[in-house]
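The numbers here are math on the coordinates, done by the rules we state, and not lab data. Keep in mind the model is a prediction, meaning the values are calculated, not measured. Here the Cβ positions follow ideal geometry from the backbone for every residue, glycine too, while neighbour counts run over all protein chains shown.
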Amino acid sequence: MKPVPDTSSQPQAALRDDRFDYEAALVACARGDRRALEAIYAAEARQLVGVAQRIVRRRDLANDVVHDAFVQIWNRAATFDPRRGSGRAWIYAVVRHRALNMVRDERFETGLDETALAETPDPAEPVPDLLVRMAEHAALRRCLEALDEQRRTCILLAYTDGLSHTQIAERLRAPLGTVKAWIRRGLLSLRDCLA
Amino acid sequence: MTPAMTPEEEDRQALAGEHVLGLLSAEEVAWVERARRRDALLDQAITDWQERLQPLDLAVTPLEPEPALWERITASLAPPAQAPRPVRPGLLTRLDAGLWSSLGFWRAAGFAATAAAVLIAATTWLRPPQPTPIAIAVLLGRESQAPGAIVETFAGGRTRLVPLAPIDVPAGRALQLWTLKDPAQGPISLGLLPSGQGPWSPGTLDPVQPGQLFEISLEPGTGSPTGRPTGPVLLIGRAALPPG
C-alpha cells in the first residue's frame, strides 16, 4: 500500500526523488489555482509531448493530445485520489488515454487491412533503447529485462508505441493468439516480479 | 516468492494490465471504465499498473511543445468562477417534492384517494412524454424459453434493459449484457448489470439492426476477462423494429 501523501502541508514529501509535488499541485488545481496547472505544464509538458508523439506519430496531433489532456486534468483534478496512486502517474494516464483514443479507432480499422498495416511507420527508436535510458537499478527495468525477449518487446510496443495486438503480431511476424498469450504471461510475470 | 494469484486475480491483473497497455478496443475501454467505478479491486489493479509502467514514459525522448500550446490550453479552460459547482435540483425534482408534501397534507385531511389520483395525473403531466422505442429485443431463458428481460433502444441510441423475472446470480459472479451486430467483429460488451433487478441503462448504442442479437451471460464478478462472453448464456433474443 502506498503511504498517504500529506497534501495539506508543504509540498515536498520525503522519500521522493522528484522535487515537484504532483499531488499538491492536483489538489490546488481542484481548488481552481491556475498556477498549479501551469507548474505541472512547466515540469512535464516536454515529456508528455514526447509520450504522445510516440503513440500518435504526428507532432500536431501530439500537441493536440497534450492540450486536451491539460483541459481534462484541470476539469477532473478533484477526482484524483492520492490514497490510490501517485499524482504523476495519474497525469500521464490522462495523456496516454487521450493519445490512445486518438489512434484507437483508426488502429482497429487498419487492423483488418493488410495494406494499411504494412504502412504503419516504424517507431521513432527501437524499444530496447528505452530500457537503457531507465536507471539501472530501477525495478521496472530489472523486471522487464528478466522477461523473455518476445514478451518484453510486445509489452513495450503496446505501451510506448500504442500498437494493437494485431499490429504487434504483424511487426513480430507471430500469430495473433501467440502475441496475446505472450502479453498476458508477460504482464503476470511482471506483476510477480514487481510485487 | 509471492503467493500464487487466484485465477480470478490473474484475470483481473491481465485485464487491468492490457487496459493500461492500451490494448483494449474502444468498447472494452468504455466497459472497463464503467466497471471500475463499481469494482474497487479492478480500479486499484488499473491504478497499480499505471504506477508500475509509468517509469517507461520517463524514458521516452522529450519533445518541445509548440510555442503557443500553453496559451491554447488556458484559452480552453473554464473560468475559475465556473469551476465545478453542485448540481441544483431541476424544476421537475422540486415540483415532485412539492407534490409529495401536498400528499401528506391531503392524506391528513382524509382525501388520500383523491390526492393519489391528482398526484398520478400531475406527475403524468409533468413527466416528459415517454419515448417510443425504435427497437425491442425480448430475451428468453436459454433453458426455460420464458421471457426474462427486454432490451429497448430509443432514438439517439439510448438503451434500457428491463428485467422481467429475477435472475439468480451466484456470489462473486455478475451478469454481462452483450450485443452481436457483425459476426466478423464479434460480440460487444454493453456492461455488467447492476446487482438490483430494476431497469438499467447501459448507455447509448449505434442504430440497432433488425435481428441484432442480445444476450446476457454469467461472468466472473469483474466481468468477462477476455472481452468476449466466457460463461453460460442465460438469456438471449433478437431485436425487432416496430413498424412506423
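Worth a mention:
- Centre separation in Å (Cα based) which lies between segment B:57-75 and segment A:122-195: 26
- Averaging Cα coordinates gives a centre for segment B:158-178 and one for segment B:9-53; these two points are 22 Å apart.
- Within the shell of other residues whose beta carbon sits under 12 angstrom from the beta carbon of A:Gly186, the net charge comes to +2, with Lys and Arg scored +1 and Asp and Glu -1.
- Residue-span extension gain [B:Arg142 to B:Glu64] - 0.36 nm each, minus C-alpha spacing: 22.2 nm
- Amide proton proximity set for B:Leu190, modelled H, under 5 Å, gap of 5+: B:Leu177, B:Trp178, B:Thr179
- Proximal charge balance of B:Ala137 [Cβ under 10 Å; K/R count +1, D/E count -1]: -1
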